[in-house]
Amino acid sequence: MNWNVILIRYGELSLKGRNQKFFEDRLVQNIREKLYDFEGVRVTREHGRLFVELGDQPASPIMNVLKDIFGIVSFSPAIRIPSQIDEIEQIAGHVFASYPNVSTFKVESRRADKRFPIRTGEINPRVGKYILDHFPHAKVDVHHPDLEIKIEVRIKGTYIYGKETAGAGGLPVGTSGKVLLLLSGGIDSPVAGYLALKRGVELHAIHFHSHPFTSERAKQKVLDLSQTLTHFGGKIRLYVVPFTNVQTEIRKHCYENYSITIMRRMMLRISEQVAQKYDLKALITGESLGQVASQTLESLQAINEVTSMPILRPLISMDKTDIMKIAKNIDTYETSILPYEDCCTVFVPEQPKTKPVIKVCNREEKKLDMEGLVTEAVEGIEVIDFRFDK
Ligand code: ATP
Ligand code: MG
């Protein structure tokens, strides 16, 4: 089928007025950015609908990109033709024939352009009759048809289309402000990033790297995960923090069973500085309650204590198997399970504290040159930008 346009439906029901405009502008911008490499393709809008005008491009690679753009509820490839009834009948026939295994159908039309001389009450039976006359296996079923053929007579022409494909839902990336994701090379944090993106945030990520205790390949994993997340986020900025000194100092001076808690607290202190510097409004982690020793309520409390920033944990109530399912769907799983060590796994104490006491954390941290360590880490940050690449 030679579709020449894709019709996009969007929007959560609650959006109205100015919000709607803001939402729509951002969605158009996001779609344009992601379709940038498709030559001759244009994104246009008309009365609560968006259209991707395909030019000479085939529809399916573009639909493949659209399905991962948050804020899109559904879309349909369509054919736009001049509003002439004979042509409308013919193209509706082509649309019917383009769906194999379809026999029952129903025609539904809308006439937004009142200049068109035929009323909807007449378009439906006319087009229906044309299809019945030309396709012997076709049957009308107005209640449960295999296919609804939609005809929209608009100012720019008439759009004819069949099935809808579900979009990713959520809110357009960038409409909810900017956040900082603590991104390890594990399975969880990329999924947390994906779920945050779905609610419309622009994602910045921070990774703590302990070279030479952790290898270049461990860092490469995180670069690859960031690149994969651009599928959903468009652009992603990654801050790579040199964390070796912090870890060796903790190991040298602090009570071993508290090392993980203190390390997490250091991560948050550094993340907070980065967030303040770049106007990022919340921190996101891949923590899930009770999953490991450092993810008890007591631990989360001890970790939260060092910052007043909101820490969002999209996975907090999810089971590992459900998290893994999402990781597979979004294509981060295979990268996440590569066996290279993470900075948290190199210095694991034999008996990490599952119920750390805040007073003890503070006492142990007095042994560190806190300000010096944080400043040194922040100053040593390497910034890497990722952009979606089809
Ligand atoms: P993940 O699968 O995301 O690594 P995890 O189950 O291994 O999570 P932890 O190692 O306890 O859990 O880490 C908890 C959270 O702390 C991670 O989800 C991530 O947000 C953050 N984190 C851990 N290590 C790092 C790191 N090296 N750099 C940045 N963030 C990290
Ligand atoms: Mg981990």
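From Arg264, Arg237, grab the single residue that is under 18 Å from Val222 (Cβ atoms) and either in a strand (DSSP E or B) or aliphatic (A, V, I, L, M) (or both). Residue meeting the stated conditions: Arg237.
Only residues that are near ligand 1 (Cβ under 9 Å from one of its atoms) and either outside any helix (DSSP H, G or I) or at pLDDT below 95 (or both) were counted in region 267-290, giving 6. On inspection, Ser271 passes the criterion of being out of contact with any helix residue (DSSP H, G or I) (no Cβ under 9 Å at 6 or more places or on another chain), within 16 Å of ligand 2 (Cβ to nearest atom) and touching a residue at least 12 places away in the same chain (Cβ under 8 Å). Exactly one residue out of Arg80, Arg126, Arg42 is open to solvent by 20 Å² or more (accessible area, probe 1.4 Å), in the same structural domain as Ile155 (by TED's automatic domain parsing), modelled with pLDDT of 95 or more and within 23 Å of Thr230 (Cα to Cα), and it is Arg42.
Being open to solvent by less than 30 Å² (accessible area, probe 1.4 Å) and near ligand 1 (Cβ under 8 Å from one of its atoms) is the filter here, so list the residues in region 172-186 that pass it. Scanning region 172-186 gives Leu181, Leu182, Leu183, Gly185, Gly186.
Just to be sure, is Gly200 among the small types (Gly, Ala, Ser), open to solvent by less than 10 Å² (accessible area, probe 1.4 Å) and either over 23 Å from Phe22 (Cα atoms) or more than 16 Å from ligand 1 (Cβ to nearest atom) (or both)?
For Gly200, the condition - among the small types (Gly, Ala, Ser), open to solvent by less than 10 Å² (accessible area, probe 1.4 Å) and either over 23 Å from Phe22 (Cα atoms) or more than 16 Å from ligand 1 (Cβ to nearest atom) (or both) - is met.
Among the residues of region 55-87, those identified as among the hydrophobic types (A, V, I, L, M, F, W, C) and closer than 24 Å to Phe23 by Cβ are Ile62, Met63, Val65, Leu66, Ile69, Phe70, Ile72, Val73, Phe75, Ala78. Over 15 Å from Ser259 (Cβ atoms) and either more than 15 Å from ligand 1 (Cβ to nearest atom) or without any contact (Cβ under 8 Å) to a residue 12 or more places away in the chain (or both): which single residue out of Glu371, Glu364 fits that description? One residue alone meets the criteria, Glu371.
When the criteria are applied in full, Tyr258 fails the requirement of being among the hydroxyl-bearing types (Ser, Thr, Tyr), more than 13 Å from Lys353 (Cα to Cα), more than 8 Å from ligand 1 (Cβ to nearest atom) and in the same structural domain as Ile187 (by TED's automatic domain parsing).
The values are calculated or read from the model by the stated rules, or taken from the named source; none is laboratory data. As the structure is a computational prediction, the values presented were derived from the model and not from experiment. Note that each Cβ is placed from the backbone with ideal geometry, even for glycine, and that neighbours are counted across all protein chains shown. Heads up: the accessible areas ignore ligands, DNA and RNA and are worked out on the full protein's heavy atoms, side chains in. Shrake-Rupley method; radii C 1.70, N 1.55, O 1.52, S 1.80 Å.
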